[in-house]
Amino acid sequence: MPLKNILRSFNAIFIATALLYIQSCTSATEKNNNLNPKIAKLNIPPGFTVEHLYSPRDNGHGSWVAITFDDKGRMIASDQFGALYRLDVPPIGSEDLNPAVEKLKVGNPEEDKLGMGFAQGLLYAFNSLYVMVNHHGRQYFDKSNGLYRIEDSNGDDQYDKVTLIRAFDGGNGEHGPHSIVLSPDKQWMYMVAGNYVDVPEMDVYRLPKVWAEDNLLPDIKDPRGHATDRLPPGGWIARTDPEGKHWELVSAGFRNAFDIAFNEAGDLFTYDSDMEWDIGTPWYRPTRICHVTSGSEFGWRTGNQKWSPEYSDNLPAILNIGPGSPTNVMFGTETNFPEKYRQAMFAFDWSFGIIYSVFLEASGASYAATAEEFLSGSPLPLTDGAIGPDGAMYFVTGGRNLVSDVYRIYYGGKEKKSKLIEKPSPPVLPREHQIRRELEALHNGKSKAESLDFIWSHLNSHDRYVRYAARVALEHLPFELWLKRGLDETDDVTRIQAMLALSRHAKPDHQHSILEALMATDFSKLSITEQNNLVRSIEVNLFRHGAPKGEISGRLATYLNPHYPSENQSLDRLLSKVLVYIEAPEAVEKTIHLLQSASDDPDYQKSLISSSDLIFRNPEYGLDLAGMLNKVPPLQQTFLATVLARSASGWTETLRENYFKWFDRAFEYKGGRSYIGFVDKARKMALEKVDPNEFERYNLLSGAERLSNTGNELKTSIMKPQGPARNWKVEDALPLLENLKGRNLIKGKAMYAATHCLSCHIMQGNGGIVGPDLSQLGNRFSVTDILEAIIEPNKAISDQYAATIFRMKDGSSVIGKLSHEDKSSYYISQNPFDPLTLRAVSKKDVQGRSLSEISLMMPGLINPLNPEELKDLMAYLISGGNPEHEVYK
């Protein structure tokens with residue numbers, strides 16, 4: 001192999017962290033190598049043009065996370081940790097694209113203070129700028145978290161008046177208060193807050209203020225301490241008037257939705273976040289598009305208490321996107337884009353650098369949704385966007401003090417200009433849509449008894465959103481008004497919904513009556529959906545009022561036991577929780593047998609395959625995902641094992657042995673960072689129920705020796721860097737390496753593993769098989785060559801190891817390492833942990849392809865090392881692991 005290629009090969013792959021830190025390219029890249037690299041990395045649809053306008057951080061203006069436009073067409077932006085800025089944006093196509101940028105001095109702050117900033121939401125409306133402050137405790141900024149209104153009171157084009165509309169408790173961080181948008185009728189402002197912000201006192205609670213955990217799964221908080229003290233209902237959406245005098249809670253149960261947007265029909269949508277540490281657990285919920293209806297609940301709860309979307313007391317996503325970090329959402333209605341995109345919602349993903357175009361189709365009272373890639377790039381940490389007065393889409397990147405840029409994308413293709421300025425027609429909505437809205441009008445706390453018949457008639461609707469809206473409307477009436485009607489109801493579907501509502505509001509002394517009413521239902525005649533809804537109603541009742549006492553507990557077990565296990569995974573989860581909770585006979589035995597045989601839904605496996613598209617776009621977030629895809633944990637089994645952790649009765653020695661052996665096997669799988677900790681906490685909870693004399697036996701049988709002291713990770717023999725960490729530069733490191741005599745082989749080998757070289761490269765016959773063998777590296781290259789290849793891996797990339805970017809005809813991109821091709825397809829590997837699993841990409845769907853300009857090896861791998869550790873690593877690389885090499889003499 002030529003010397004040049006060997007050096008390039010060295011910096012090509014580090015599998016454990018080499019999750020293709022990709023740079024997407026447009027077709028223009030191939031034509032013009034001198035194109036601005038900030039644009040060259042973008043993949044955009046045909047007919048569109050992107051302009052790079054400004055780089056805030058390069059000009060000392062921070063990292064921008066929020067933008068809006070004022071009434072004069074100027075952009076206003078906020079640094080995540082600093083001031084507000086105002087930009088005069090040059091017209092589309094200008095030769096000089098540099099905007100005039102002004103730092104806003106708001107109010108009359110002291111000289112060393114900041115008048116206004118730290119915004120994660122901006123809205124210009126009512127002749128004012130509304131600012132959602134998400135403060136991080138900086139001394140130079142004295143504003144608390146909250147919604148502020150700033151105004152120009154004297155006409156000098158400067159904001160001199162600052163009014164606090166409302167302060168918020170909690171949320172000093174990225175799970176705090178976020179965006180603000182104007183309602184379609186321009187009478188209200190809607191805002192969204194993450195799950196670290198307490199719901200403030202409201203004038204109207206469209207979602208009744210009776211929220212609770214409502215989950216019989218044994219409670220396990222996040223093992224790494226995230227959000228462990230956060231109570232229901234999680235993140236929320238509210239609305240208020242321009243002065244902030246009247247407040248209404250609209251929706252809740254989100255994790256950390258950052259933005260909200262209305263479509264042409266006046267319906268509200270958001271893009272909620274996932275908890276990436278939960279990947280591989282049954283309570284993981286991917287990032288998702290939600291139709292936010294009045295009084296809606298989306299079921300976020302801390303730790304493992306998150307609700308299934310199947311539960312009838314919350315609403316499902318209309319579209320699951322997958323892993324990511326949602327930021328901005330907006331509709332293309334006011335753009336100059338082709339009609340397809342003017343009808344779309346655009347959803348931004350910060351982690352993987354993708355703007356999705358989401359297409360909605362009215363379906364009953366809600367929508368069906370599909371998504372495709374509109375624009376992508378890497379790195380492209382998307383934070384916010386807005387449609388400008390010129391019909392272009394403006395978007396910014398940044399956050400967490402990352403490199404920040406302002407872009408504009410507009411359409412310049414062949415579609416007729418007259419079509420571009422015509423507003424798309426509002427969607428034609430089905431009758432169910434109107435019924436839902438009529439029911440939602442009763443969510444204002446002012447509904448009268450006369451509305452009961454109307455509400456009641458829709459509790460058994462075939463449409464889930466209508467049924468949900470009817471139940472919430474029912475809960476806005478005093479339960480005494482409809483208690484007897486619910487207990488006497490003969491229609492099964494109506495009775496189940498009424499008993500769910502009653503369980504949420506009634507007193508404990510009504511428990512027996514509610515359970516009796518539910519058990520009057522012929523379970524076997526219900527659809528799978530209604531069986532789930534019935535058992536969910538029982539679960540909520542038991543959670544709120546405790547295990548029933550007396551003979552009714554046995555009757556409940558007798559009622560449910562014949563139907564467990566079922567052939568439906570969601571139903572089995574609910575039945576297992578209820579039956580184990582009430583200590584039903586055979587509950588433990590049946591659940592153990594199910595634990596040993598349960599497999600996961602094929603649709604879940606398909607979603608994992610689609611997630612592999614994301615691995616190569618961001619090494620930090622893709623690492624956990626790639627590892628999991630190679631060793632996917634069994635979700636149904638994990639859920640059942642957690643259910644059994646609370647059970648103290650019904651065990652035999654054989655059942656216990658089979659149960660605790662499962663934990664030992666479970667530690668062999670790979671999930672997100674909290675997976676091991678969740679499994680271990682369930683294991684320890686179960687160990688509390690065994691005879692103390694048997695504790696040690698079951699402790700060892702369940703894999704205790706595999707675990708670290710914290711229980712959050714497996715033991716490793718790898719010596720970890722002591723640090724302190726630093727951002728190594730070639731010029732800083734090189735002088736330290738002039739004399740490597742007498743270095744420590746054992747420590748060098750440990751740093752080789754700790755920086756993930758071992759996962760990819762062979763050294764002395766050991767290591768990964770994807771990267772080149774490094775055993776002879778020191779015989780061919782100098783210390784300078786090796787150091788530069790590690791610290792600056794993008795300088796030279798061998799074609800043998802570069803990733804390929806396929807630009808598809810539909811505007812999307814597919815990224816992977818090209819293995820081979822035939823007449824009809826390219827075959828690519830998308831998971832460096834599993835390089836032999838290939839995906840076929842049809843050639844007829846490909847518009848073009850190019851090699852990535854960024855190395856598969858992520859920069860910064862040696863940054864955790866201190867100078868002595870770096871010396872030991874370099875000595876080990878130069879020696880090829882040979883203890884007889886001169887560096888060890």
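Within the range 198-214, residues that are within 19 Å of Ala501 (Cβ to Cβ) and touching a residue at least 12 places away in the same chain (Cβ under 8 Å) have Cβ atoms under 6 Å from residues that are open to solvent by 40 Å² or more (accessible area, probe 1.4 Å) and not small (Gly, Ala, Ser) in these pairs: Val204/Asn444; Asp214/Phe543, counting only partners at least 6 apart in sequence or on another chain. Per the conditions (1) modelled with pLDDT under 95; (2) of a type in the set (Phe, Trp, Tyr); (3) not in a loop (DSSP other than H, G, I, E, B), the sole criterion not satisfied by Tyr124 is (1).
Condition first: open to solvent by less than 70 Å² (accessible area, probe 1.4 Å) and at pLDDT below 95. Can you find one or more residues in the range 529-547 that meet it? So far as the range 529-547 goes, no, none of its residues is open to solvent by less than 70 Å² (accessible area, probe 1.4 Å) and at pLDDT below 95. With respect to the conditions (1) assigned to a loop (DSSP other than H, G, I, E, B); (2) touching a Gly at 6+ places or on another chain (Cβ under 7 Å), Trp283 falls short on a single one, namely (2). Among the residues making up the range 661-695, a single one is in contact with a helix residue (DSSP H, G or I) (Cβ under 7 Å, 6 or more places away or on another chain) and among the polar types (S, T, N, Q): Ser674. Of everything listed in (1) under 38 Å from the mean Cα position of the chain (by Cα); (2) farther than 30 Å from Ser842 by Cβ, the single unmet condition for Asn779 is (1).
Per-residue answers, yes or no, for (1) out of contact with any His (no Cβ under 8 Å at 6 or more places or on another chain); (2) crowded, with 21+ Cβ neighbours inside 10 Å; (3) outside any strand (DSSP E or B):
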residue: Pro233; (1), (2), (3): yes, yes, yes
residue: Gly244; (1), (2), (3): yes, no, yes
residue: Gly253; (1), (2), (3): yes, yes, no
residue: Glu264; (1), (2), (3): yes, no, yes
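Scanning the range 472-524 for residues that are without any contact (Cβ under 8 Å) to a residue 24 or more places away in the chain, open to solvent by 30 Å² or more (accessible area, probe 1.4 Å) and part of a helix (DSSP H, G or I) returns Glu480, Lys484, Asp488, Asp509. Residues in the range 41-95 that are acidic (Asp, Glu), farther than 14 Å from Tyr124 by Cβ and either part of a loop (DSSP other than H, G, I, E, B) or open to solvent by less than 10 Å² (accessible area, probe 1.4 Å) (or both): Glu95 alone. Scanning the range 809-842 for residues that are open to solvent by less than 40 Å² (accessible area, probe 1.4 Å) and either assigned to a strand (DSSP E or B) or among the hydroxyl-bearing types (Ser, Thr, Tyr) (or both) yields Ser812, Ser813, Val814, Ile815, Gly816, Ser825, Tyr826, Ile828, Ser829, Val841, Ser842. Within the range 448-460, the residues that satisfy the criterion of being within 37 Å of the chain's Cα centre (by Cα) and open to solvent by 20 Å² or more (accessible area, probe 1.4 Å) are His458, Asn460.
Being in contact with a helix residue (DSSP H, G or I) (Cβ under 8 Å, 6 or more places away or on another chain) and more than 30 Å from Ile538 (Cβ to Cβ) narrows it down to one of His226, His175, so name that one. So that I can check it myself, show each step before the final result.
Working: His175 fails: in contact with a helix residue (DSSP H, G or I) (Cβ under 8 Å, 6 or more places away or on another chain).
Residue meeting the stated conditions: His226.
Is one or more of the residues making up the range 346-353 open to solvent by less than 10 Å² (accessible area, probe 1.4 Å), part of a strand (DSSP E or B) and touching an Asp or Glu at 6+ places or on another chain (Cβ under 8 Å)? Scanning the range 346-353 turns up at least one residue that is open to solvent by less than 10 Å² (accessible area, probe 1.4 Å), part of a strand (DSSP E or B) and touching an Asp or Glu at 6+ places or on another chain (Cβ under 8 Å). Hey, could you check the range 160-205 for residues that are in a loop (DSSP other than H, G, I, E, B) and among the aliphatic types (A, V, I, L, M) and say which is surrounded by the most Cβ atoms within 10 Å (Cβ to Cβ)? The selected residue is Val199.
Can you list residue pairs whose Cβ atoms sit under 7 Å apart, with the first residue in the range 566-578 being within 25 Å of Arg544 (Cβ to Cβ) and the second being basic (Lys, Arg)? Count only pairs 6 or more apart in sequence or on different chains. Taking only residues 6 or more apart or on different chains, the pairs are Leu574/Arg536. Each residue in the range 544-583 was checked for being of a type in the set (Ser, Thr, Tyr), within 20 Å of Ala517 (Cβ to Cβ) and assigned to a loop (DSSP other than H, G, I, E, B), and 0 of them qualify. Name the single residue, out of those in the range 856-872 being surrounded by 20 or more Cβ atoms within 10 Å (Cβ to Cβ) and within 30 Å of Gly742 (Cβ to Cβ), that is modelled with the lowest pLDDT. Among residues in the range 856-872 that are surrounded by 20 or more Cβ atoms within 10 Å (Cβ to Cβ) and within 30 Å of Gly742 (Cβ to Cβ), the one modelled with the lowest pLDDT is Met857. Taken over the range 347-402, residues that are out of contact with any strand residue (DSSP E or B) (no Cβ under 8 Å at 6 or more places or on another chain) and within 13 Å of Asn328 (Cα to Cα) amount to 1. Taking the conditions (1) open to solvent by less than 40 Å² (accessible area, probe 1.4 Å); (2) at pLDDT 95 or above; (3) more than 30 Å from Lys41 (Cβ to Cβ); (4) not in a helix (DSSP H, G or I) in turn, Tyr394 satisfies each one other than (3). Under the condition of being part of a strand (DSSP E or B) and under 19 Å from the mean Cα position of the chain (by Cα), the residues counted in the range 397-414 number 1. Does the range 566-575 contain at least one residue that is at pLDDT 95 or above and farther than 18 Å from Thr529 by Cβ? No: zero hits.
Within the range 720-732, take every residue that is open to solvent by 80 Å² or more (accessible area, probe 1.4 Å) and not acidic (Asp, Glu) and give me the one that is farthest from Gly225 (Cα to Cα). Here the answer is Lys729. Say we look at the range 584-594 and pick out the residues that are hydrophobic (A, V, I, L, M, F, W, C) and part of a helix (DSSP H, G or I); which of these is surrounded by the most Cβ atoms within 10 Å (Cβ to Cβ)? Filtering the range 584-594 for residues that are hydrophobic (A, V, I, L, M, F, W, C) and part of a helix (DSSP H, G or I), the one surrounded by the most Cβ atoms within 10 Å (Cβ to Cβ) comes out as Ala587.
Condition check ((1) under 31 Å from the mean Cα position of the chain (by Cα); (2) at pLDDT 90 or above; (3) not small (Gly, Ala, Ser)) across all residues:
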| position | (1), (2), (3) |
| --- | --- |
| Asp834 | yes, no, yes |
| Val841 | yes, yes, yes |
| Leu851 | yes, no, yes |
| Ile854 | yes, no, yes |
| Met874 | no, no, yes |
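The condition of being within 17 Å of Ser612 (Cα to Cα), free of Cβ contacts under 8 Å to residues at least 60 places away in the same chain and aliphatic (A, V, I, L, M) holds for only one of Leu818, Leu851, that being Leu818. Restricting attention to the range 105-114 and to residues that are open to solvent by 10 Å² or more (accessible area, probe 1.4 Å) and more than 33 Å from the chain's Cα centre (by Cα), the residue that is modelled with the lowest pLDDT turns out to be Glu111. Can you find even one residue in the range 747-755 that is open to solvent by 90 Å² or more (accessible area, probe 1.4 Å) and assigned to a loop (DSSP other than H, G, I, E, B)? Within the range 747-755, none of the residues are open to solvent by 90 Å² or more (accessible area, probe 1.4 Å) and assigned to a loop (DSSP other than H, G, I, E, B). Against the definition (farther than 29 Å from Gly266 by Cβ and either within 32 Å of the chain's Cα centre (by Cα) or buried (at least 22 other Cβ atoms within 10 Å of the Cβ) (or both)), how does Asp156 come out, yes or no? Considered against the rule, which asks whether it is farther than 29 Å from Gly266 by Cβ and either within 32 Å of the chain's Cα centre (by Cα) or buried (at least 22 other Cβ atoms within 10 Å of the Cβ) (or both), Asp156 comes out as no.
Anything in the range 266-278 that is open to solvent by 10 Å² or more (accessible area, probe 1.4 Å) and farther than 18 Å from Gly332 by Cα? List them, or say none. Once the filter is applied, which keeps residues that are open to solvent by 10 Å² or more (accessible area, probe 1.4 Å) and farther than 18 Å from Gly332 by Cα, the range 266-278 yields Ser273, Met275, Glu276, Trp277.
The values are calculated or read from the model by the stated rules, or taken from the named source; none is laboratory data. Here the structure is a predicted model, which means the values were calculated and not measured. Every residue, glycine among them, receives a Cβ derived from its backbone with ideal geometry; neighbour counts consider all protein chains shown. Heads up: the accessible areas ignore ligands, DNA and RNA and are worked out on the full protein's heavy atoms, side chains in. Shrake-Rupley method; radii C 1.70, N 1.55, O 1.52, S 1.80 Å.
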